[in-house]
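The values are calculated or read from the model by the stated rules, or taken from the named source; none is laboratory data. All values reported here derive from a predicted model rather than from experimental measurement. No Cβ is skipped: glycine too gets one built from the backbone with ideal geometry, and neighbour counts run over all protein chains shown. Just the protein is used for accessible areas: all its heavy atoms, side chains included, with ligands, DNA and RNA removed. Shrake-Rupley method; radii C 1.70, N 1.55, O 1.52, S 1.80 Å.
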Amino acid sequence: QVQLEESGGGLVQPGGSLRLSCAASGSIFSINVMGWYRQAPGNQRELVAAVSSFGRTTYGDSVKGRFTISRDNAKNTVTLQMNSLKPEDTAVYYCNLAARATNYWGQGTQVTVSS
């Protein structure tokens, strides 16, 4: 089993920045993809950003140029730096680890962008 513990999130004004972190523990297969998804009320869960254990990154179109994902393979952590936040970025953000055709999810952390 894999456990994901998220930290960060909260309330920020438009144009501000936040950082989300996620630490994975348990039986982690070394080849995996870690990332962040988000879900706003009434919307489907969508990919924000992901990074493979080889360092390949993928971003959702709406966050390109504003968010940066990074990981530390030795510590099994992934970080999402979110800049130039917009009200439409408001959502619950979920950490994800995908390995061996299995998805693991964190409990979610709320990000609210509002003045």
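Which one is nearest to residue 101 (Cα to Cα) among residues in the stretch 1-29 that are assigned to a loop (DSSP other than H, G, I, E, B) and open to solvent by 90 Å² or more (accessible area, probe 1.4 Å)?
Out of the qualifying residues, it is 1.
Criterion first (touching a Ser or Thr at 6+ places or on another chain (Cβ under 9 Å), at pLDDT 95 or above and either of a type in the set (D, E, K, R) or within 16 Å of residue 111 (Cα to Cα) (or both)) does residue 90 satisfy it?
yes
Among the listed residues 38, 19, identify the single one that is among the basic types (Lys, Arg), in contact with a Ser or Thr (Cβ under 8 Å, 6 or more places away or on another chain) and under 13 Å from residue 109 (Cα atoms).
Selected residue: 19, the only one of 38, 19 that is among the basic types (Lys, Arg), in contact with a Ser or Thr (Cβ under 8 Å, 6 or more places away or on another chain) and under 13 Å from residue 109 (Cα atoms).
Hey, can you tell me all the residues within the stretch 68-115 that are of a type in the set (Gly, Ala, Ser), open to solvent by 40 Å² or more (accessible area, probe 1.4 Å) and part of a strand (DSSP E or B)?
The answer is 70, and nothing else.
Scan (1) surrounded by 14 or more Cβ atoms within 10 Å (Cβ to Cβ); (2) closer than 17 Å to residue 103 by Cα for the single condition residue 60 breaks and write down its number.
Among (1) surrounded by 14 or more Cβ atoms within 10 Å (Cβ to Cβ); (2) closer than 17 Å to residue 103 by Cα, the lone unmet condition for residue 60 is (2).
Pairs please, first residue from the stretch 56-75 and under 17 Å from residue 29 (Cβ atoms), second anywhere and of a type in the set (A, V, I, L, M, F, W, C), Cβ atoms under 6 Å, 6+ apart in sequence or on different chains.
Taking only residues 6 or more apart or on different chains, the pairs are 71/34; 71/51; 71/78.
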